[in-house]
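Here is the structure we will look at, set down as structure tokens.
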């Protein structure tokens, strides 16, 4: 199945010159959603995964479904100030400034095998911060899974340089 046929492109959003890849149209189609989840899960069949960590916010939808398919727990990786318990955080660079993602201190146990999930990998900054959080919590990142890769931006190479295998379902060149 061609996942791209389910992804809507919105030109000039959120700013001029950006081609926004909207996966909500993929989620609206039962067959498309099922296929995407199955294709993100199958490489990890037989791999010990203790939890799926989904990056806010689209990673929550995908990560929850993947965790369900793998019969494992789910860990939300959230923007700073959104989690109600004790947290550890990791700052990362944005185009103009920085942001922080956080995880509860008790969400990942030492030795847990974690699969990181989000909708799209562009620069890889948020995914890199998520990997650092898991490692600081003494978990092991067994992979990172995304629906979309924007290879010209370099995020995949950045994450693979950290020793993490990256799984994507489709690419959009030049974005």
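How high is the relative contact order of the chain, in percent, counting Cα pairs under 8 Å that sit 6 or more residues apart? Rounded, it is 18 percent for the chain. Is the shape of the range 94-150 best called rounded, prolate or oblate, per the rule: a/c under 1.5 gives rounded, else a/b larger than b/c gives prolate, else oblate, with a ≥ b ≥ c the square roots of the Cα gyration tensor eigenvalues? Oblate, because a/c is 1.5 or more while a/b does not exceed b/c. Working from the Cα coordinates of the range 48-126, the gyration tensor eigenvalues give, after taking √(5λ), semi-axes of 21, 15, 11 Å in decreasing order. Each of 141, 147 has some number of other Cβ atoms within 10 Å of its Cβ, and from fewest to most they run 141, 147.
Using only the C-alpha atoms, the convex hull of the range 32-86 corresponds to 80 Å³ per residue.
Cα centroid separation, the range 64-90 to the range 113-175: 16 Å.
How many percent of DSSP beta bridges within the range 47-171 run antiparallel, rounded to 5? If I count the DSSP bridges inside the range 47-171, around 30 percent turn out antiparallel. Working from label points 7 Å from Cα in the Cα-to-Cβ sense, the residue 152 to residue 28 distance is 2.7 nm.
For the chain, the percent of C-alpha pairs falling in each 10 Å distance bin, counted from 0 to the bin holding the largest distance, reads 10, 39, 37, 13, 0. With the convex hull drawn around the C-alpha atoms of the range 114-175, the volume per residue stands at 60 Å³. Relative to the current alpha-carbon distance between residue 5 and residue 162, full extension at 0.36 nm per residue lengthens the span by 53.4 nm.
Taken together, the values in this text are just the output of simple stated rules run on the coordinates, not laboratory data. Quick caveat, the model's predicted, so the values are computed rather than measured. Because the Cβ atoms are built from the backbone with ideal geometry, glycine has one as well, and the counts that use them run over all protein chains shown.
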